[in-house]
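Worksheet: one structure, shown below.
Just so it is clear, none of the values below were taken in a lab; they were calculated from the coordinates. Because the structure is predicted, anything quoted here is derived from the model rather than measured. Please note: Cβ atoms are built from the backbone with ideal geometry, for glycine as well, and neighbour counts cover all protein chains shown.
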Amino acid sequence: MPRPFGRLPAVGTLTFALALGAFSFAIPAATAQVAPAAATAAPLFGATVPSQAAFNRDTADFGHMAIIHTYYSGLPDADAWTRGLSGETHSAVIVSFNAKPSDVLDGHDDAALSHFFDTAPTGHAIYYCYIHEPEHQIAHDGLNLTQYLAAWAHVVALAKAAHNPDLHSMVILEAYDLKASTHRNWKNYVPGGGIISTLGWDAYPGAGDDELTPPSQFMGPAVAASKAAHLPFGFAEFGVTNQPGRPAWLTSVGDYIKSSGALFGTLFDSQPKGTPPLILTDPASIAAWRAIVQSSGADPAAAQLKR
């Protein structure tokens, strides 16, 4: 989501006033090659669903979605896979959640996280993200980079203990990082040691999300960075305000994602307080994204089960 300087805080992202000391962007975070999530002939398409109402609306507008993106302001609910949105679609899912790195590292959250991973279903790809878009919190809100990276490693260890091959660790970053003017190195936010299996990107076309920028311009740098790091990737957020030309733009974005090698694309079809109105309300835009959603490829995990 767009901040005042080009992006706004992510849905459900906690602000951590940790006072845990200074961090350094010089911390290396090498992205070692790891076994990727299974590739698809065509990517999975869907939308962000921060609430039951949003899920109902998007399902009515787009039909059954091959993937959704859900958010938790804290840890996932205990019934995430039985009564929550994560399990309701019976399709692939991106789940973003939050916890203080200090709580993760001291084992305070082990029971809740282990339950979430141990009870996760099989048969559909599950991309889990610890602290969606950490960059702004690290730069401005006291999130300690060193502890964040260490906490990620602890989270992944708990996930691996579940022995579920459909669980995939995914860092979700802002494509905004890739602009030279930000003076950021996106690799600083990715823990080393090959523990991250997938990269997710939130990519928006302009500072006000009112520009029908060609997708190759605002998504292309993320595609190039992912491929250079030899990591599979997808687009967890993107969108634009309602304006003439948006339906054709949505089609071009979907077509670009198909040609990019991405695993998925989830449209940000939401409007948290204080953000631009990105929800698709005009019939032409709804029809355009519905066509893209219905062109989704096979869920890699589901395809694996059929072999």
Could you give P(r) for region 44-305, binned at 5 Å from zero, as whole percent values over all Cα-Cα pairs? 1, 6, 14, 18, 20, 18, 13, 8, 2, 0, 0
Candidate aspartates and glutamates for bridging to LYS258, where Cα separation is under 16 Å - those fewer than 8 sequence places away on the same chain excluded: GLU237, ASP299
Tally Lys and Arg at +1 and Asp and Glu at -1 over the other residues with C-beta under 11 Å from the C-beta of TRP186: what net charge comes out? 0
Using alpha carbon centroids, what distance separates region 58-113 and region 141-206, in Å? 16
